[in-house]
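Beneath this line is the structure, given in structure tokens, with notes to follow.
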Amino acid sequence: MNLSKEKGLLSKHFYILLFFFIIIIGSESFSPAEPIKIGLLSPPHNDPIDGFKPYLWGAEMAAAEVNAREGKQGIQFLLVLRGGKFDREKDLKDLRDFIIEERIHFLLGKIGQESIIPLAKLAQEQKIPFLVFPIDFLEAPSTAKEPSNLFWISPAPEAFQRAAVRTAAQFPQNRFFLLARDSDSGRSWAKYFWETLRRLKPDTHPEGEIFLAERGEDFQARFRSILSSKAEICVSHLGSQEWIQFALAAKKQGYFKKIIHFELASAHQEVLMALKKEAPEGVWGINTFPFWFLEGKETQDFVNKYRNKTGLYPGIDALSGYGSIYALFEAMKKAGSLESEKVIEALGGLSFPTPVGALTIRKADRRALWPIWCGVSKKVVNYPFPILKELKAFGPDSFLTSSPQEESSTESPSKEKTK
């Protein structure tokens with residue numbers, strides 16, 4: 001569906017996209033007269049936060065594929081979209097009324113961290129599952145203490161942190177500087193980074209650390225502090241927007257020619273697309289969907305369909321929207337029922353197909369276990385943005401707690417193929 005053609009249908013509160021597709025489950029019979037509705041949640045439609053459309057487009061693609069495969073007889077699925085600030089009491093009340101009046105069976109969405117728990121509690125009250133992709137997923141860890149109907153269709157922040165420190169430990173250099181957000185999660189990450197790096201690389205020399213405020217930082221002063229130290233490598237966790245500002249300013253100063261830099265968010269697809277040819281080369285980062293490297297038919301079919309639909313390259317948000325629809329579909333087949341409570345039970349431990357391979361929702365914390373890749377940015381003629389080369393794969397269990405001996409193990413880099 002071309003969203004530009006549908007712009008007139010949008011309202012401040014919600015708009016509806018209708019998908020008809022069939023699911024045949026076990027021996028049960030379902031009446032097409034009673035459609036199954038999936039509520040798809042977003043930030044407010046006038047919110048400047050970018051990135052919801054790719055999530056939506058991914059969900060649309062999955063629904064269309066199921067439609068084509070399952071035929072025209074049977075259940076109608078309605079994908080119902082609604083925007084709002086769901087950490088506010090009024091928006092939650094309106095959403096509760098909406099769920100009841102529209103008879104919503106399942107919820108999924110790309111949502112800010114502050115809204116996730118209030119939404120999950122509301123969904124739990126209504127006895128329906130909620131599949132979420134946090135807007136800033138690197139700041140949204142799961143604790144297994146959340147409502148049991150909440151399922152995280154996103155990589156774990158711990159996976160990125162573990163992959164970053166393991167990769168840093170394998171550099172021949174040993175003098176490190178650390179940049180992190182001035183937040184509880186930022187300071188927790190710094191503590192984990194130094195403790196783990198010293199264990200993996202005993203000759204590590206910490207040359208300094210800086211905790212940055214979320215907005216309005218004087219990057220020039222930070223460049224001087226880093227470069228005046230004896231650091232050979234700077235590792236940072238700034239987030240997408242802050243990294244874009246940092247990278248543009250640092251490139252003008254010739255910063256990346258003087259030090260090796262590793263930023264956890266530097267290889268997010270939305271970051272690469274925002275910077276395009278202005279993105280610096282030689283920066284280490286982490287990617288969750290290196291489609292230029294993955295040659296499987298499912299991967300390339302997804303990329304081609306997404307490109308044909310949008311003219312863009314897909315990232316983790318599109319992949320999550322796509323996978324969330326398939327997770328619900330597979331859970332329904334596993335449950336042998338469309339009853340929400342049975343689908344919630346089926347989602348725990350579920351494996352479902354995605355263009356990056358089959359993902360499994362871990363029962364302990366209801367988190368999709370996601371593979372990730374580390375590499376260094378390099379400009380190529382095939383794409384309008386740098387891609388990661390020298391790729392090193394980390395399995396979907398990279399965030400699991402391990403012993404020091406297991407932590408010290410070295411993963412073999414993936415064999416890269418030039419394209």
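For a test of the definition: using alpha carbon positions, the gyration tensor, and the 1.5 limit on a/c, classify the stretch 277-375 as rounded, prolate or oblate. The partial results should precede the final answer.
Numbers: a/c = 2.80, a/b = 1.83, b/c = 1.53.
Prolate is the answer for the stretch 277-375, as a/c is 1.5 or above and a/b outweighs b/c.
So, counting K/R as plus one and D/E as minus one, what does the shell of residues with Cβ under 14 Å around N308 add up to?
For residues surrounding N308, the net value is 0.
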### Fewest-first ranking of F219, F193, using other Cβ atoms within 10 Å as the exposure measure
F219, F193
#### Entry: Cα gyration tensor category, rounded, prolate or oblate, for the stretch 95-165 with a/c compared to 1.5
prolate
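Expected output is a single nm value to one decimal: the length gained when fully extending between V381 and R198, i.e. 0.36 nm times separation in residues minus the C-alpha distance. What is it?
Working: separation 183, 0.36 × 183 = 65.88 nm, distance 3.91 nm.
Length gained, V381 through R198: 62.0 nm.
As a footprinting exposure proxy, order M273, M332 by other Cβ within 10 Å, with the fewest listed first. Provide the component values of the computation, followed by the final result.
Values: M273 16, M332 23.
Fewest-to-most Cβ neighbours within 10 Å comes out as M273, M332.
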### Query
So, in nm, how far is label K191 from label H205 when the simple model puts each one 7 Å beyond its Cα toward the Cβ?
2.8
### Task
Could you work out how far apart the two model spin labels at F98 and E341 are, taking each label as a point 7 Å from the Cα in the direction of the beta carbon, and quote it in nm?
2.6
### Task
Quick one: grab the alpha carbon gyration tensor of the stretch 158-236, order the square roots of its eigenvalues as a ≥ b ≥ c, and give me rounded if a/c is under 1.5, else prolate or oblate depending on whether a/b is larger than b/c.
oblate
### Task
For a footprinting-style exposure proxy, rank V80, V235 by other Cβ within 10 Å, fewest first.
V80, V235
### Task
Any chance you could count the Lys pairs in the stretch 292-365 whose alpha carbons are under 19 Å apart, treating pairs 8 or more apart or on different chains as valid?
7
### Query
Label E89 and E281 with points 7 Å out from Cα along Cα→Cβ: what is the distance between them in nm?
5.8
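Where a number appears in this text, it was derived from the coordinates with a stated rule and is not lab data. Since we're looking at a predicted model, the values are computed, not measured. A quick note on method: Cβ atoms are made from the backbone with ideal geometry, for glycine too, and the neighbour counts reach across all protein chains shown.
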